[in-house]
Amino acid sequence: EERDSKELQEALPATKEIVNTAEDSVEAIVMMAAPLIADPPDDDGDILNRATEEIELSAADAQTKITEARSQINLKLQGARKFAPETRKIALTEFSSMQQKLTEAQKKLNPYKAFKKEFGQRVQARKALQELSDKLAENELEVEKVKMMTSSAEAGQLTEDEISSAEKVIQPAKAAIENMIRMLEQKLKTSDGPMKDELVQMKDKTTALKKDLDTVVQLLSKQRQSFATAEMLKSASEKVDKADASLKKCQEAEMPFLKGIEVLPGEESVNAIRECEGAAQKAQSAVNQATTFLKTKLQEAKRLVQDLATSVTEELTAHQTRLDAVAKKVADFKKETSERKMAALLSEVIDGVTACEKTMETYAKAAEVFSSESLEAVSSSDLKEALEKSAAAEKEASAAMLEVRKTFAAKQKEARNPDSQQALAKLQARINTAQQELVKTKKAAASGEKMIKGKEVLVEEDEKIKKIEEELTIAEKKVKPGEEEAALGIEEAKVSDEDIEIMAKAFNEGSATLKGSMRVVEANAASAPPSLKTLLQKLIERCKAAQSKITELMAITKDQRERVVSDAFVREGKEKVAQVDACLEKVNEAELPFLKGIEVIALTEAKATIADSETAAEAVQSAVNGARTFIASKNLEIRKFGEAASKPAADEFAQLTERINAASAKLGTFKKDTEGRKKTALMQEAGEKVAAAEAAVKKMAELTEPFTSTEEGASAERGEAECEKLVEQMKECVAALSDASNFLGARQRDAASNS
């Protein structure tokens, strides 16, 4: 690395000298050609020819120097690639920079390599671009003017007017320069030869001019930022001052607590804490506003120019330091206020927790029996008594728990600081312990209640199952042969149809009872204590055994039982159809008044007869529905029987169904007749009501006639009695009209709904 570095340092001066020589040659040519281009002679004399030839010769010499320098640099670059990494990096940077200089020099030299030949064209191009040159000169003047206006900016802060004046000049100048650059770029696209060279030179000047203007713009931006930051820093100082002032208000608010009494009495404590909280809230708000403002402005300061950003950041940081001190004091004040508030609040919560714990002790004592290991040995009466006492105690304990939790929740919302939260956490632990005890005791009481229920179920269902077992024992003796019959080879006992019918009913009822008992026992056994669960399980086994016995006996008596049951179903079906016939006979009796040949009977008799007819029709309909339901359900049952028993019964049911349908048809006809008679009666009643209203109106007219007399003395003759009659008749007339109108309206609504 050291060797390569030394070699590089030895090679750089000579190479730089070659590059500088080439650049100087090009600059000399530019200086030689400048007077000719700026002020060309009027004729093509010897002087012009010699001058242009000299320029071209110099251009050729300069081209040779550039070529030789480029060759030297290429050789150096090839050697540099073999250097150590760090030296190679430096060498490549240096030689690449030299190559760039040669490239720039080559660009400047190119227009002068055929200077004599292109001189005329160049002069013509210069004249053609005179207007652009003039605009460029104007822009140069404007830029120079702005530089002069802002020359004092380096020494200090410009005023608002100075900044605004400079900005007014800059905007049009900047627009003109940018427009000129765009115009030159457009012309360059379609130009070549000397014209293009002139345009390139003009564009370079314009670009340089734009850079000068951008420098001024940047300077003005810095001045504008400096002006704006002065106002911002003033606002920052004011906001921090406001936060500091709010802290003093906090100190004034806490004065009542600085008298040596930390916990103030009643109302005074509430008021003092309220004042402290209000002052703390305002102080915190002021601190938050200042903090947000400073944070925002510190971020904005990063976008300022570097020097200004540094100074502004330093001043804002100083304000932030002041604000941090105020914020810490406000936080301490809020913490002290919270502690004082908690001291006043905790007493109420502690009292509530203590009261809750006492009610829990009472509840636990009342329910102590339910936690006994020999709970099964406790009598049901003792369990019920303990359950009643514990229920009352549980109600009080739950109410106390609910109340203390409400109080705790309310106080917890007011207690925000960590110390208060810690104190409340201890109380929360006591409340949770009491809650756990409440749940535990409730669970024990619930087990006692289940024990009571289980024992009751055990007794009740045992009686039901025992009764069924006794009935099954009796039935079994009747349907199974005795020892003597069995010895003689008799496999079946002879049972009367009456006994079979009774057995069938008992089997059905017993099976239903056993299913219900099994459901109840299983539901209670699932959560019963072990010893009780064993007893309940035995009941379940007895239910299953009894059910199996029923199944067995039903199989033994199947043929006879199906025949007897089918006969019983048929008898009951006939009874129900007979009931339909009896109800239908009452329907016939009810409509007799309408069958005397009189088209219209008296309204009172008609209404009574219609009411009796509707009642009789309802009775028939009820009997028909009952008979149909019975026959349908029994039809389903006998389908499970053998054909020997089911077919005769099905035939009987078919005949009974025909009778029911016939009765139903008669009932339909009767209902239709009754509806017609009812409409006739209603029309008759409507006519009578209208007639009564007309009569009342007519009588009213007669009573008012004396009052319309024009004879002298007529008014004197009318007495108070006639006026009273007139008033009474008027009331009667209004009532009759209202009655008729309401009746007719109701009938119209009925007709509309029926349609």
Label-point separation, residue 230 to residue 540 (7 Å along Cα→Cβ), nm: 9.7
Where labels lie 7 Å past Cα in the beta-carbon direction, separation of residue 182 and residue 5 in nm: 5.3
Nearest-0.05 FRET efficiency for residue 658 and residue 697, computed from C-beta distance (R0 60 Å): 0.55
Computed E for residue 502/residue 380 - FRET, C-beta separation, R0 35 angstrom, nearest 0.05: 0.45
Rough spin-label spacing in nm, given labels placed 7 Å along Cα→Cβ, for residue 734 and residue 679: 3.6
Alpha carbon convex hull of the range 493-595, projected area averaged over orientations, nm²: 11.2
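Length gain on complete extension for the stretch residue 742 to residue 208, per 0.36 nm per residue less the alpha carbon to alpha carbon distance? Display every interim value, and only then the final one.
Working: separation 534, 0.36 × 534 = 192.24 nm, distance 10.80 nm.
Once the chain is fully extended between residue 742 and residue 208, it gains 181.4 nm.
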FRET E, pair residue 572, residue 469, Förster distance 25 Å, beta-carbon r, rounded to 0.05: 0.30
Packing-based order for 355-364, 321-330, using average beta carbon neighbours within 10 Å, highest first: 355-364, 321-330
Whole-percent pair-distance distribution, where bins are 10 Å wide, for the alpha carbons of the range 434-571: 11, 31, 24, 17, 10, 5, 3, 0
Residue-level accessible surface for residue 541, protein heavy atoms, 1.4 Å, Å²: 100
Percentage, to the nearest whole number, of Cα pairs in the range 556-658 over 16 Å apart: 63
Solvent accessible area, Å² - residue 1, 1.4 Å probe, full protein context: 100
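The values are calculated or read from the model by the stated rules, or taken from the named source; none is laboratory data. Since this is a predicted model, take the numbers as computed values, not measurements. Here the Cβ is made from the backbone with ideal geometry for all residues, glycine too, and neighbour counts use every protein chain on show. Note: areas computed on protein heavy atoms with side chains; ligands, DNA, RNA excluded. Shrake-Rupley method; radii C 1.70, N 1.55, O 1.52, S 1.80 Å.
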